[in-house]
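Have a look at the structure below, then the notes.
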Amino acid sequence: MDRELMDRRPEIRAKALKDLQHSEVLMLGGHFDYGNGYHGRLYVNAHQLFRHPSTIWRFAQDLIDLLPSELVQQTEVVAGPVTGGALLAHTIAGLLDSRRSLTHPPCSFAPFNYDPAGGFALRPFYRRELKGKRVLLADDVRNTGETFAKCAALVKESGGTVVATVQICDRCEAVVDVGVPNIALAEYKAPENFTADSCPLCAQKVPITRF
């Protein structure tokens, strides 16, 4: 089964990349503020995922198709940062149960909230849910990898174990390694990120893309 999956991965990823651009989830050529101190020309627009629930469902289904069978069976909680990551994590958690036997314990979901003043955080209820659990971290896009790292630290503080990270699109620009397998539905080598204080697009007075 895993051998067959490995043979299909290039096909699944190529189709996903095309679909992401066609649906305007993957936006190219803009000037985006990622909210983490970096700017860039590429953005994964989670609002397009919200617009049609079937879109996120389909991308989540395809992403699960790329997961090794042991991850499908071992994952107990799928967690993601608000908003796009939490939506993807919630969808994956539900779909994972359809890939497992009826006697398998149901998969749980946990969102990481974000406060501009304090960063990412877990509510006490979800901290208790993560204790002693194997956690799959999900996000809509991986830029620098810093969001995954912050979420992984919260999982560890809660007594859980991160088994892997997954995302719809990997920009192949990560500067932080969480130390677990990373699986992306699509990979797109985008133009480099810029720190906000040295962004050439800002210097050229290119407006931040709003939507």
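Structure summary
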quantity	calculated
Residue, surrounded by the fewest Cβ atoms within 10 Å (Cβ to Cβ), within segment 135-149, restricted to residues that are of a type in the set (D, E, K, R) and closer than 23 Å to GLN61 by Cα	ASP140
Scan of segment 55-101 for residues that are among the polar types (S, T, N, Q), under 25 Å from PHE125 (Cα atoms) and outside any loop (DSSP other than H, G, I, E, B), ordered by number	GLN73, GLN74, THR91
Filtered residue count, segment 122-159, keeping only those that are at pLDDT 95 or above and part of a strand (DSSP E or B)	6
Subset tally (residues that are closer than 16 Å to ASN36 by Cα and open to solvent by 30 Å² or more (accessible area, probe 1.4 Å)) for segment 150-201	10
Boolean, GLN48 is open to solvent by 10 Å² or more (accessible area, probe 1.4 Å), modelled with pLDDT of 90 or more and assigned to a helix (DSSP H, G or I)	no
Of residues in segment 102-117 being outside any strand (DSSP E or B) and open to solvent by 60 Å² or more (accessible area, probe 1.4 Å), the one nearest to PRO81 (Cα to Cα)	PRO116
Test: ASP19 is modelled with pLDDT of 85 or more, open to solvent by 30 Å² or more (accessible area, probe 1.4 Å) and of a type in the set (D, E, K, R)	yes
Some residue of segment 36-44 being open to solvent by less than 80 Å² (accessible area, probe 1.4 Å) and more than 30 Å from LYS205 (Cβ to Cβ)	no
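The values are calculated or read from the model by the stated rules, or taken from the named source; none is laboratory data. This is a predicted model, so every value here is computed, not measured. Heads up, the Cβs are rebuilt from the backbone with ideal geometry, glycines too, and the neighbour counts pull from every protein chain shown. For the accessible areas, the whole protein counts, side chains as well, though only heavy atoms, and no ligand, DNA or RNA atoms are used. Shrake-Rupley method; radii C 1.70, N 1.55, O 1.52, S 1.80 Å.
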